[in-house]
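Single-structure report; data block below.
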Amino acid sequence: MARAALALVQTDTKAQWTLSHGVSHSCAMESRQERSTIERPLVSVVDDDESVRESLPDLLREFGFAARAFSSPEEFLASDCVSQTRCLILDIAMPGMTGPDLQRELKLRRQQIPIVFITARKNETVRQRVLEQGAVECLFKPFSDTALLEALNTALRVN
Amino acid sequence: MHGEAQLEPPAEHPADEIRRLQRCINDLVSVLALPAIWTGSEPSQIVSTLLDALLGMLHLDLVYVRLKDPVGEGPIEMVRCALTLKLALKLTTRPQEIGEVLDHWLGDDPQKWPPLVRNAIGGEDISIVPLRLGLQGEIGVIVAGSQRTDFPGQTERLLLSVAANQASIGLQEARLLSQQKRVASELDQRVAQRTRDLAAANEELRKEIAERRLAEERLRREERELKRSEAFLAEGQHLSRTGSFSWQVATGEITWSEQLYRIFEFEQDAPVTIERIGTRVHPEDLPLVIDMIDRARGASRDFEFEHRLQMPDHSVKYLHLVAHGIRDHDGRLEYIGAIQDVTQRRFAEEALGKARSELAHVARVTSLGALTASIAHELNQPLQGIITNAGTCLRMLAADPPNVEGARETARRTIRDGNRASEVVTRLRALFSKKDVTAESVDLNEATREVIALSLSKLQRSRVILRPELADDLPPVTGDRVQLQQVILNLFLNALDAMSGVDDRPRRLVIRTERDEGDRVRLAVQDAGVGFEPQGVDKLFEPFYTTKSGGMGIGLSVSRSIIESHHGRLWAAANDGPGATFSFSIPRVPARVTGAHSNRDIGTPAVSDTDAA
């Protein structure tokens with residue numbers, strides 16, 4: 001699991017060890033890595049499936065985005081990436097807080113991040129509901145890279 | 001005075017005479033007063049006072065009385081003696097002895113008694129005067145005696161005579177009184193007896209009346225109860241829409257309850273006959289009913305079946321009939337039974353069955369959908385990884401310069417996700433191949449009966465005449481009871497389907513179990529349905545082969561695989577007549593039942609159980 005429960009992460013901005021609660025991803029670290037290609041929009045991925053968290057960020061970077069992956073909505077909310085995220089790729093069904101739960105939570109926090117939902121369960125009713133709630137797109141797994149890119153472009157135009 | 005000659009007294013002195021006469025008058029008054037004393041007395045008391053009075057009054061030495069039979073208890077004798085005489089006589093003065101002596105003198109006939117007897121007793125000089133009591137002496141006699149020579153004087157005779165008369169009257173009265181008393185007492189006794197008798201009779205009568213009243217009461221109560229139970233029965237028949245009947249097979253005489261007339265909508269005036277019933281039976285069920293009646297005529301048996309009626313207005317009724325056959329002393333066959341109108345229940349059942357099958361369909365579709373969704377989810381996750389990684393890989397290689405290291409990494413991930421997808425498939429297969437064949441001792445007859453019981457209503461609804469021919473000596477087999485019942489049920493349902501369009505002949509279904517060669521047991525299901533083309537036999541058992549519009553075509557294929565897992569054989573054959581017979585034959589004790597990955601003990605233990613049973 002990439003999800004680092006109680007992992008010690010050293011950040012470069014603060015030269016100290018901080019005890020994280022498994023949710024401390026640092027967008028600063030990411031942004032330093034991406035500094036050469038500065039002003040790349042950040043796309044965050046929230047999915048409990050490891051292979052998605054592994055493969056999608058690489059594809060997103062190939063597309064020219066900055067990318068971060070989180071294993072749960074809670075982890076994403078606890079990170080400092082929320083305000084910098086230009087687009088959120090969000091799984092629907094997850095243990096604990098679900099994708100639509102996060103969608104509502106962000107709305108409450110007035111965080112207007114465009115969301116592209118992805119799900120392994122093909123359910124038109126659910127798709128319709130999240131779209132009505134303001135999602136840019138809802139893709140059924142397995143989706144193609146071009147379908148994702150199209151959705152991302154739509155999302156960034158909205159943004 | 002003793003020994004002196006008693007002469008006539010000399011002329012008296014007038015003064016003496018006056019005294020004598022005065023004394024005489026006094027005595028007379030005393031004698032005349034006696035009856036007043038005697039009133040109500042017994043004869044013995046009367047004579048006793050008389051004797052005492054005479055003895056004292058007349059200075060007698062002896063006075064004796066004999067009453068012949070004053071109160072019907074034999075003669076009474078009584079005697080009074082002056083003390084002097086007693087001493088002189090030295091005799092006992094017992095009345096009987098004196099009486100005997102006197103009898104000697106007096107004789108039996110009172111008419112011949114001398115007025116006076118001298119020297120009568122014991123040689124003593126004693127004069128006795130016998131006096132008759134009653135005109136003819138019929139009451140008795142009084143004998144007065146004195147040793148005086150001048151006895152009896154004139155006044156003495158008078159006094160004795162008057163006393164005798166008085167005594168006669170007194171005794172007469174006493175006798176009458178006594179008789180009256182006796183009669184009265186007898187009467188009293190009779191009355192008392194009669195009264196007792198009457199009371200007893202009365203008591204008897206009262207008891208009888210009470211018993212009769214009880215009996216009548218009982219009878220009335222029984223009548224009431226009978227009427228009530230008749231009313232209950234009629235009401236019960238009416239409420240349960242059940243009528244009862246009896247049928248004398250030999251005479252054809254049929255007795256129906258009122259409710260049956262109502263169910264069949266017959267007028268109650270005409271007698272019920274088989275023919276009349278036949279006019280109401282639904283044309284499609286007529287062969288079934290006729291078959292039943294023919295079988296009932298043959299041998300005494302118990303029946304339970306359902307058939308339909310078609311009423312004059314073309315409405316349809318469903319009837320459930322139960323009948324019990326009995327033979328009387330002369331061996332005549334009679335059926336007694338009940339017929340219930342189950343139309344409403346049948347409609348409800350049909351609605352329920354429809355709802356249930358719809359529900360089952362929905363459940364099947366739902367569970368299949370859920371299963372599909374979960375399989376899709378399990379597979380879509382690694383597929384997404386494969387597609388994304390492969391896409392990234394291509395993009396990295398297409399870059400300038402190509403990112404070979406990144407491409408290599410994403411290609412590795414693609415392979416890994418491919419393997420993950422493969423694992424999902426393996427897991428799914430494992431999930432569905434978990435069904436082990438359980439091995440237990442199975443009585444195929446019993447298993448068949450259960451299947452029949454389960455499908456009874458379907459059989460009857462399909463108007464199929466089922467004839468089970470289950471061998472009595474069928475040994476148990478070892479296998480999976482539920483799976484074998486699935487096979488039997490499948491063969492059953494196929495047979496019903498094959499006969500569903502048959503209307504020109506009875507829809508006869510025979511299910512037969514028997515021993516087969518080589519320690520095997522065979523079960524056959526023979527229908528009278530549409531049958532199959534001889535060249536199509538092999539195709540029958542192929543998966544997804546079906547001749548039915550609503551079927552999936554996997555029943556026979558699954559059945560065959562179940563039988564084969566029991567080391568048996570399932571085959572089909574065309575009948576000589578219409579229809580087909582599907583049979584399977586399985587060994588009693590398979591060497592080893594193939595349960596794909598069965599972790600159970602197969603075979604022997606369950607068999608030994610049955611052998612013991």
(request) Filter segment A:52-77 for residues that are within 20 Å of B:Leu397 (Cβ to Cβ) and within 12 Å of another protein chain (Cβ to nearest Cβ) and give the result. (result) A:Glu54, A:Ser55, A:Leu56, A:Pro57, A:Asp58, A:Leu59, A:Leu60, A:Arg61, A:Glu62, A:Phe63, A:Gly64, A:Ala67
(request) Give the residue, chosen from B:Arg592, B:Arg512, that is charged (D, E, K, R) and at pLDDT 90 or above. (result) B:Arg512
(request) Of the numbered conditions (1) closer than 22 Å to B:Asp150 by Cβ; (2) modelled with pLDDT of 75 or more; (3) among the polar types (S, T, N, Q), B:Thr84 fails exactly one; give the number of that condition. (result) (2)
(message) Step by step: first the residues of segment B:94-112, then only those that are in a loop (DSSP other than H, G, I, E, B) and at pLDDT 70 or above, then the one that is least open to solvent (accessible area, probe 1.4 Å). Which residue is that?
(response) B:Gly107
(request) Tally the residues that are within 14 Å of another protein chain (Cβ to nearest Cβ) and in a loop (DSSP other than H, G, I, E, B), restricting the search to segment A:109-137. (result) 4
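Every residue, every condition in (1) more than 20 Å from B:Trp38 (Cα to Cα); (2) under 60 Å from the mean Cα position of the chain (by Cα); (3) in the same structural domain as B:Val47 (by TED's automatic domain parsing); (4) open to solvent by 20 Å² or more (accessible area, probe 1.4 Å), yes or no:
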{"site": "B:Asp125", "(1), (2), (3), (4)": "yes, no, yes, yes"}
{"site": "B:Arg132", "(1), (2), (3), (4)": "no, no, yes, yes"}
{"site": "B:Gln136", "(1), (2), (3), (4)": "yes, no, yes, yes"}
{"site": "B:Thr149", "(1), (2), (3), (4)": "yes, no, yes, yes"}
{"site": "B:Ser161", "(1), (2), (3), (4)": "no, no, yes, yes"}
{"site": "B:Ala164", "(1), (2), (3), (4)": "no, no, yes, no"}
{"site": "B:Gly170", "(1), (2), (3), (4)": "no, no, yes, no"}
{"site": "B:Arg175", "(1), (2), (3), (4)": "no, no, yes, yes"}
{"site": "B:Leu205", "(1), (2), (3), (4)": "yes, yes, no, yes"}
(message) Show the residue pairs meeting these rules: Cβ distance below 7 Å; 6+ apart or different chains; first residue within segment B:159-172 and closer than 19 Å to B:Met57 by Cα; second residue modelled with pLDDT of 85 or more and open to solvent by 10 Å² or more (accessible area, probe 1.4 Å).
(response) none
(message) Restricting to segment B:379-408, name every residue that is surrounded by fewer than 21 Cβ atoms within 10 Å (Cβ to Cβ), assigned to a helix (DSSP H, G or I) and more than 8 Å from every other protein chain (Cβ to nearest Cβ).
(response) B:Leu379, B:Ala390, B:Leu394, B:Leu397, B:Ala398, B:Val404, B:Glu405, B:Ala407, B:Arg408
(request) Determine whether segment B:286-305 contains at least one residue that is away from chain A (no Cβ under 14 Å), in contact with a strand residue (DSSP E or B) (Cβ under 8 Å, 6 or more places away or on another chain), at pLDDT 85 or above and in a strand (DSSP E or B). (result) no
(request) Give the residues of segment A:138-159 that are outside any loop (DSSP other than H, G, I, E, B), at the interface with another protein chain (Cβ under 9 Å from one of its Cβ atoms) and of a type in the set (Ser, Thr, Tyr), sorted by residue number. (result) A:Thr146
(message) Against the condition among the charged types (D, E, K, R) and open to solvent by 30 Å² or more (accessible area, probe 1.4 Å), how does B:Asp504 come out, does it pass?
(response) yes
(message) Among the residues in segment B:8-26, are any in contact with a Leu (Cβ under 9 Å, 6 or more places away or on another chain), modelled with pLDDT of 80 or more and open to solvent by less than 60 Å² (accessible area, probe 1.4 Å)?
(response) yes
(message) Take the conditions within 14 Å of chain B (Cβ to nearest Cβ) and in contact with a Phe, Trp or Tyr (Cβ under 9 Å, 6 or more places away or on another chain) and apply them to A:Arg86. Does it pass?
(response) no
(message) Condition (residue is modelled with pLDDT under 75 and in contact with a helix residue (DSSP H, G or I) (Cβ under 9 Å, 6 or more places away or on another chain)) applied to segment B:154-171: is it met by at least one residue?
(response) no
(request) Name every residue in segment A:29-53 that is part of a helix (DSSP H, G or I) and at pLDDT below 90, in order of residue number. (result) A:Met29, A:Glu30, A:Ser31, A:Arg32, A:Gln33, A:Arg35, A:Ser36, A:Thr37, A:Glu50, A:Ser51
(request) Name the residue, out of B:Glu235, B:Glu230, B:Glu275, that is modelled with pLDDT of 85 or more and among the acidic types (Asp, Glu). (result) B:Glu275
(message) Quick check on my filter: what residues within segment A:127-150 are in contact with a helix residue (DSSP H, G or I) (Cβ under 8 Å, 6 or more places away or on another chain), more than 20 Å from A:Leu42 (Cα to Cα) and of a type in the set (A, V, I, L, M)?
(response) A:Val130
(request) Please specify each residue of segment A:120-134 satisfying the condition of being open to solvent by less than 10 Å² (accessible area, probe 1.4 Å) and touching a strand residue (DSSP E or B) at 6+ places or on another chain (Cβ under 6 Å). (result) A:Val130
(message) Which pairs turn up if I take residues in segment B:448-464 that are assigned by TED's automatic domain parsing to the domain that holds B:Arg481 and look for partners that are of a type in the set (S, T, N, Q) with beta carbon separation below 9 Å, at least 6 apart in sequence or on another chain?
(response) B:Thr448/B:Gln485; B:Thr448/B:Thr513; B:Glu450/B:Gln485; B:Val451/B:Gln485; B:Leu454/B:Gln485; B:Ser462/B:Ser500
(request) Please find, within segment A:89-108, the residue that is farthest from the other protein chains (Cβ to nearest Cβ) out of those that are of a type in the set (A, V, I, L, M) and touching a strand residue (DSSP E or B) at 6+ places or on another chain (Cβ under 7 Å). (result) A:Leu102
(message) B:Gly337 - would you say it is in the same structural domain as B:Thr414 (by TED's automatic domain parsing) and either at pLDDT 80 or above or surrounded by 17 or more Cβ atoms within 10 Å (Cβ to Cβ) (or both)?
(response) no
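Matching residues to (1) without any contact (Cβ under 8 Å) to a residue 24 or more places away in the chain; (2) more than 14 Å from the chain's Cα centre (by Cα):
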residue: A:Ile92; (1), (2): no, no
residue: A:Leu102; (1), (2): no, no
residue: A:Asn123; (1), (2): yes, yes
residue: A:Val130; (1), (2): no, yes
residue: A:Phe143; (1), (2): no, yes
residue: A:Leu149; (1), (2): no, yes
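The values are calculated or read from the model by the stated rules, or taken from the named source; none is laboratory data. Please read all numbers here as calculations on a predicted model, not as lab measurements. All Cβ positions, glycine included, derive from the backbone under ideal geometry; neighbour counts span all protein chains shown. These area figures cover heavy atoms from the full protein model, side chains too; ligands, DNA and RNA do not enter into them. Shrake-Rupley method; radii C 1.70, N 1.55, O 1.52, S 1.80 Å.
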